[in-house]
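What follows is one structure encoded as structure tokens, with my remarks underneath.
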Amino acid sequence: MFFISITLFFAILGWKFIGDMDNEVEFDQYSSNFSEILTSFNIMYALISFDGYPDCMLPSISVSPYYLIYFIIYLSLFILLFVPVPVAFVFEAFRSHRSKLVIMDRIKQREALLNAFICLDLENSKSVDQQTFTDFMKIAYMNKGRYIKRIRELYL
């Protein structure tokens with residue numbers, strides 16, 4: 001809404017100051033005529049996207065080079081301020097959301113490792129002896145294919 005209001009403001013300025021250039025210079029009435037507010041709004045919107053960049057500016061600049069100041073102010077506001085700031089907000093929101101997901105994945109991994117250790121600690125001694133660890137690794141190695149298949153079913 002903010003972008004539309006700023007573009008409408010500059011379209012009204014263009015309509016008032018540049019206005020109708022019917023007899024002054026040859027131009028395309030749809031891409032560079034500021035005689036109506038909606039047409040000037042369309043021209044300013046096209047100028048933001050650089051779709052008809054020189055075509056919409058050249059007829060009015062050929063009438064008076066002072067109109068170049070109008071276009072420079074409009075383009076510099078949009079290129080340097082109004083476009084990068086929302087993109088930065090979106091990027092920051094994405095980055096913070098992604099970092100939260102990474103933190104949650106790390107917490108889940110650590111909880112899974114802690115649960116695996118608790119499962120191996122049969123005597124509740126807060127340590128795993130060599131024999132228990134060796135037996136666990138043998139069982140895990142023998143059933144490795146089944147575990148990998150189950151993990152793929154769950155996560156892929």
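Over the Cα atoms of the chain, each weighted equally, I'd like the Debye log10 I(q)/I(0) at q = 0.09, 0.16, 0.21 Å⁻¹, rounded to two decimals. Relative scattering, expressed as log10 I(q)/I(0), comes to -0.54, -0.93, -1.26. Assuming R0 = 22 Å, what is the FRET efficiency of Leu122 and Arg146, from their Cβ-Cβ distance, to the nearest 0.05? Efficiency at R0 = 22 Å is approximately 0.45.
What's log10 of I(q)/I(0) for region 98-153 at q = 0.26 Å⁻¹, Debye sum over Cα points only, no solvent? Here the Debye-derived log intensity ratios amount to -1.04.
Helix content alone sets the calculated 222 nm mean residue ellipticity of the chain: runs of n ≥ 4 DSSP H residues at -39500 (n - 2.57) each, divided across all residues, give -24000 deg cm²/dmol.
Within the chain, which is the longest segment containing none of the GluC sites (Glu not before Pro) that sit in a DSSP loop and have at most 15 other Cβ atoms within 10 Å? Display every interim value, and only then the final one.
Numbers: sites that count: Glu24, Glu26, Glu36, Glu123.
By the stated rule (loop sites, at most 15 other Cβ atoms within 10 Å), 37-122.
Label-to-label distance for Asp129 and Glu153 is 3.5 nm, based on points extended 7 Å past Cα in the beta-carbon direction.
Report D for region 43-100 in µm² per second (integer): Stokes-Einstein, Kirkwood Rh on Cα pairs, 25 °C, 0.890 mPa s. Working shown, then result.
Working: Rh = 13.2 Å.
Rounded to a whole number, D works out at 185 µm²/s.
Using C-alpha pairs under 8 Å with a sequence gap of at least 6, the mean separation divided by the residue count of the chain gives a relative contact order of 14 percent.
Go through region 53-156 and name the chymotrypsin sites (Phe, Trp or Tyr not before Pro) that are in a DSSP coil and have 16 or fewer other Cβ atoms within 10 Å of their Cβ.
On the way: sites: Tyr66, Tyr67, Tyr70, Phe71, Tyr74, Phe78, Phe82, Phe89, Phe91, Phe94, Phe117, Phe133, Phe136, Tyr141, Tyr147, Tyr155; in loops: Tyr66.
Those satisfying the criteria are Tyr66.
Model label points for Leu80 and Leu8, set 7 angstrom from Cα along the Cα-to-Cβ axis, are 2.7 nm apart. The GNM of the chain, with springs linking C-alpha atoms under 10 angstrom apart, assigns the highest mean-square fluctuation among Val90, Val102, Val128 to Val128.
In this rough spin-label picture, where each label sits 7 Å from Cα along the Cβ direction, the Ser99-Leu68 distance is 4.5 nm.
R0 = 25 Å: FRET efficiency of Phe17 with Phe91, Cβ-based, nearest 0.05? Please report the intermediate quantities before stating the final value.
Details: r = 37 Å, r/R0 = 1.46.
So the FRET efficiency works out to roughly 0.10.
Any read-out appearing in this document is the output of simple, stated calculations on the displayed coordinates, not a laboratory observation. Because the structure is predicted, anything quoted here is derived from the model rather than measured. Here the Cβ is made from the backbone with ideal geometry for all residues, glycine too, and neighbour counts use every protein chain on show.
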